[in-house]
Ligand code: NAI
C-alpha cells in the first residue's frame, strides 16, 4: 500500500478498539497521527503505543458531539503537524438497548449526538482544511446497522444517517480533491462487543453463528480497510459505504 510518509491522519475515538487499531495502522504506514478521544487516558495510551513503535502521534481531548471541541481539535491538528490529509471519523457509542416504543429522548440524543452529529461536525471542520490543501480523504464509521434494521433504533438511525452524510459530502467535494467514504463494520471484537457479549450472550452467539464467515472480526481488519480507503490506491473511490462484516449483509 502507498506510503503515508509526510501525511497527517486524524482518528476520533482513537483510544480503543477500531480507532486504536486504525491509529496504529496509519502510523505503521508512515503517517503522523492525531489521536482524539473523550477519555484522555485511553487516547494517551494509544499515543504511547505509537511512540513505542517508533511513530509520531499527538493526543487531543475531544468530545465529537461538541462543535467547540471539534473545531479546536482540527485547529490543534493543523497547528501541530501543519496539515490534515486523512480523517477517520470513528468515535461512536451503542447506547442503551431499547426498542422504538421504549426509547428515551436521553438515549436518542446521546447516541445521535455522538454517532451522527459528531460525524457531521468533524467533516464540517476537516473539509475546509482539505479543500485549502486541494487533497484529503475522509472515512466515516457507519455499521452493518447502517444497512439493515437489526439493532436499537437510535443506533440504527444514526448509522443509516452516517451513510447519507457520507454520500452528500462526497458529492459536494468530488471535484475538489477530497474523497469521502464510509465503512460498515460487522461485529468486531472490541470493548463494545465484549459488553454486548455480557449483556446479551444468546443474541451475540446467534449473531456469530449467522455470520457467513462464522466468526466476529478483529479491529485490525477494519483498520486495514480504513487506511486503504485513505490511500492513493483508492484514488477513484468516493461516496461508497463498504461492508466489512464477514459477509453478513450479503445474505
Ligand atoms: P470502542 O467502545 O471500543 O471505542 C470507542 C472509542 O470512542 C473509545 O475510546 C471512546 O472513549 C471513544 N468515544 C466515545 N464517545 C466519544 C465522543 N463523544 N467523542 C470522542 N470519542 C468518543 O468502540 P469500537 O467498537 O471500536 O467502535 C468504533 C466505531 O465502530 C463506532 O462508531 C461503532 O459504532 C462502530 N462499530 C463498531 C462495531 C463493533 O462490532 N465493534 C460494529 C459496527 C460499528
When residue 70 is evaluated against the numbered criteria (1) closer than 14 Å to residue 122 by Cβ; (2) touching a helix residue (DSSP H, G or I) at 6+ places or on another chain (Cβ under 6 Å); (3) away from the ligand (no atom under 11 Å from the Cβ); (4) in a helix (DSSP H, G or I), which criterion, by number, is the only one it fails? (3)
Mind listing whichever residues of segment 147-171 are over 11 Å from residue 116 (Cα atoms) and within 16 Å of the ligand (Cβ to nearest atom)? 147, 148, 149, 150, 151, 152, 153
Condition first: assigned to a helix (DSSP H, G or I), over 14 Å from the mean Cα position of the chain (by Cα) and near the ligand (Cβ under 10 Å from one of its atoms). Now tell me which residues in segment 11-57 satisfy that. 40, 41, 42, 43, 45, 46
Does residue 113 count as modelled with pLDDT of 95 or more, in a helix (DSSP H, G or I) and within 18 Å of residue 184 (Cβ to Cβ)? no
Got a sec? Which of 174, 196 is part of a helix (DSSP H, G or I), near the ligand (Cβ under 10 Å from one of its atoms) and either in contact with a helix residue (DSSP H, G or I) (Cβ under 8 Å, 6 or more places away or on another chain) or modelled with pLDDT of 95 or more (or both)? 196
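Within segment 73-105, how many residues turn out to be more than 18 Å from the chain's Cα centre (by Cα) and within 15 Å of the ligand (Cβ to nearest atom)?
Within segment 73-105, the first condition is being more than 18 Å from the chain's Cα centre (by Cα), and the residues that meet it are 75-76, 78-83, 96-105.
Going one step further and asking which of them are within 15 Å of the ligand (Cβ to nearest atom), we end up with 76, 96-97.
Looking only at that region, the number is 3.
The values are calculated or read from the model by the stated rules, or taken from the named source; none is laboratory data. In this text the structure is predicted, and so the values were computed from the model without any measurement. Virtual Cβ from ideal backbone geometry, glycine too; neighbours counted across all protein chains shown.
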